[in-house]
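Okay, so here's the structure we're looking at.
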């Protein structure tokens, strides 16, 4: 099955100082840590026009077929019809597998009116939405935002990026228990909380993410050392992402 990184970024953003990633760094991290595939998105702040980064991700994917897949990341505050059109272009023309709702990076309330174009377009296209849910970004990234989203879009797969991160992971697990269309991504969460999520929700609803080339080894190690069965470890490291994103690898 192999390791699949569901949450990684390419390029240079303008929101988080010092957070950049090049194709060479991503490729080196994949090869060094036996990552068979990565789902890549732009950093938040690649706005008002993220198309150049989306095109760069698509070119990267063409250069590493079956190893790199794309996820759109748009800021709908600027232009909602344009955001919908860009999501459609990414999926239909570039072959992207999902779209991001970046709450902190785009100052985006996931239940606000501007954000709905992301969820509605994803539902139309049949792709998952990854939502930044973490301690960094409160109140826009609070776990409670997942509840109305899951109820409003019951057929949509919603991925909680960072699964709350550190102290809010418990809230995300409790919410996901009652909403089967919510999935958890593990970057910046703590090992015991990831293990608890696997035991509570099942490994098929938890997926590895790393966020950055320098963090790949740490995140993989957390999954391998969390004290669950090898089959559950394998599912979190790769199987869940393959199923949720429909990856052909």
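Looking at residue 160, is it without any contact (Cβ under 8 Å) to a residue 40 or more places away in the chain, in contact with a strand residue (DSSP E or B) (Cβ under 6 Å, 6 or more places away or on another chain) and under 22 Å from residue 121 (Cα atoms)?
Answer is yes for this residue.
Kindly list the number of the only condition in (1) in contact (Cβ under 8 Å) with a residue 24 or more places away in the chain; (2) over 19 Å from residue 4 (Cβ atoms); (3) not in a helix (DSSP H, G or I) that fails for residue 38.
Result: residue 38 passes all but (2).
Have a look at 228, 236 and point out the one that is closer than 19 Å to residue 29 by Cα and either at pLDDT 95 or above or assigned to a helix (DSSP H, G or I) (or both).
Numbers: 228 fails: closer than 19 Å to residue 29 by Cα.
Step by step, each of 228, 236 is checked, and only 236 is closer than 19 Å to residue 29 by Cα and either at pLDDT 95 or above or assigned to a helix (DSSP H, G or I) (or both).
May I ask you to verify whether residue 66 is surrounded by fewer than 21 Cβ atoms within 10 Å (Cβ to Cβ), on the phi > 0 side of the Ramachandran plot and within 17 Å of the chain's Cα centre (by Cα)? Break it down stepwise before answering.
Details: surrounded by fewer than 21 Cβ atoms within 10 Å (Cβ to Cβ): yes; on the phi > 0 side of the Ramachandran plot: yes; within 17 Å of the chain's Cα centre (by Cα): no.
So residue 66 fails the test.
Residue check: is residue 107 within 22 Å of residue 162 (Cβ to Cβ) and in contact (Cβ under 8 Å) with a residue 60 or more places away in the chain? First the steps, then the outcome.
Values: within 22 Å of residue 162 (Cβ to Cβ): yes; in contact (Cβ under 8 Å) with a residue 60 or more places away in the chain: no.
Criteria not met by residue 107.
Since residue 22 meets every condition but one in (1) in contact (Cβ under 8 Å) with a residue 24 or more places away in the chain; (2) closer than 26 Å to residue 218 by Cα, which condition does it not meet?
The failed condition is (1).
If I filter the stretch 125-141 down to residues being out of contact with any helix residue (DSSP H, G or I) (no Cβ under 8 Å at 6 or more places or on another chain) and surrounded by fewer than 24 Cβ atoms within 10 Å (Cβ to Cβ), which single residue comes out as modelled with the highest pLDDT? Walk me through it before giving the result.
Looking only at the stretch 125-141, we keep the residues that are out of contact with any helix residue (DSSP H, G or I) (no Cβ under 8 Å at 6 or more places or on another chain), and these are 126, 130, 132, 136-141.
So of that shortlist, the ones also surrounded by fewer than 24 Cβ atoms within 10 Å (Cβ to Cβ) come out as 126, 136-140.
Values: 126: 99, 136: 89, 137: 91, 138: 94, 139: 96, 140: 96.
Applying the filter and picking the extreme gives 126.
Restricting to the stretch 104-118, what's the tally of residues that are under 15 Å from residue 44 (Cβ atoms) and either out of contact with any helix residue (DSSP H, G or I) (no Cβ under 8 Å at 6 or more places or on another chain) or modelled with pLDDT under 95 (or both)?
Taking the stretch 104-118 and keeping what is under 15 Å from residue 44 (Cβ atoms), we get 104-110, 114-115, 118.
With the extra rule that they be either out of contact with any helix residue (DSSP H, G or I) (no Cβ under 8 Å at 6 or more places or on another chain) or modelled with pLDDT under 95 (or both), the set shrinks to 104-108, 115.
Residues that pass the stated criteria total 6.
The values are calculated or read from the model by the stated rules, or taken from the named source; none is laboratory data. Remember, predicted model here, so these are calculated numbers, not experimental data. All Cβ positions, glycine included, derive from the backbone under ideal geometry; neighbour counts span all protein chains shown.
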